[in-house]
Amino acid sequence: IKNYSCAEYLRSRSFFNVSTAEELAYPLAYSIVVHKKAGQVERLLQTIYRPQNVYCIHIDVKASADFYDAFKNISSCLPNVFLAKKREDVTWGGYSRLAADFNCMQELLAVS
């Protein structure tokens with residue numbers, strides 16, 4: 001995304017999916033906890049993205065700086081996508097996994 005403007009990036013990735021009337025009437029909030037495979041996470045976001053929804057992406061503190069920067073850039077192009085401010089060292093199956101979702105939920109509540 002570094003070499004593209006936001007408009008070019010969004011157009012090339014087809015982020016603007018058509019919403020049904022029902023989707024427009026019932027916007028959703030997403031909490032997504034990730035740590036690697038930026039391309040796969042980007043494709044997930046492309047697939048579920050709708051402009052009326054809001055998305056919190058929690059990036060594990062163990063994620064690489066490049067991974068974090070990639071999603072910082074993506075979120076800067078989408079006004080309803082943001083990175084969780086409070087990041088956890090997530091252990092899958094442990095409390096920290098739940099804490100990551102709680103962090104996003106608190107932030108999602110604040111923006112809704």
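No lab work stands behind these numbers, since they all come straight from the coordinates. The structure displayed is predicted, hence computed values, not measured ones. Note that we place each Cβ from the backbone using ideal geometry, even for glycine, and neighbour counts take in every protein chain shown.
Here are some notes:
- For Rg and Dmax of the Cα atoms in Å, the candidate list reads (i) 17.8, 61; (ii) 14.1, 40; (iii) 16.2, 49; the entry that matches the value derived from this model is (ii).
- When only Cα pairs below 8 angstrom with a gap of at least 6 residues are kept, the chain shows a relative contact order of 27 percent.
- Trypsin sites (Lys or Arg not before Pro), loop per DSSP, at most 14 other Cβ atoms within 10 Å - longest free stretch of the chain: 3-35
- Here the extension length gained between S96 and Q52 equals 12.9 nm, from 0.36 nm per residue of separation less the Cα-Cα distance.
- Potential lengthening between M105 and K37 on full extension [0.36 nm per residue; Cα-Cα distance subtracted]: 22.2 nm
- When the square roots of the Cα gyration tensor eigenvalues are ordered a ≥ b ≥ c, the ratio a/c for region 47-112 is 1.5 or more and a/b does not exceed b/c, which makes its shape oblate.
- Gaussian network model of the chain, Cα within-10 Å springs - most flexible of T91, T47, T20: T20
- Considering only A25, A99, A38, the mean-square fluctuation computed in a Gaussian network model of the chain, springs between alpha carbons under 10 angstrom, is largest for A25.
- Cα gyration tensor shape for region 1-61, rounded if a/c is under 1.5, else prolate or oblate: oblate
- Prolate/oblate/rounded call for region 26-79, Cα gyration tensor, a/c under 1.5 rounded: prolate
- Stretchable slack from T20 to V61, in nm (0.36 nm times residue separation minus alpha-carbon distance): 11.1 nm
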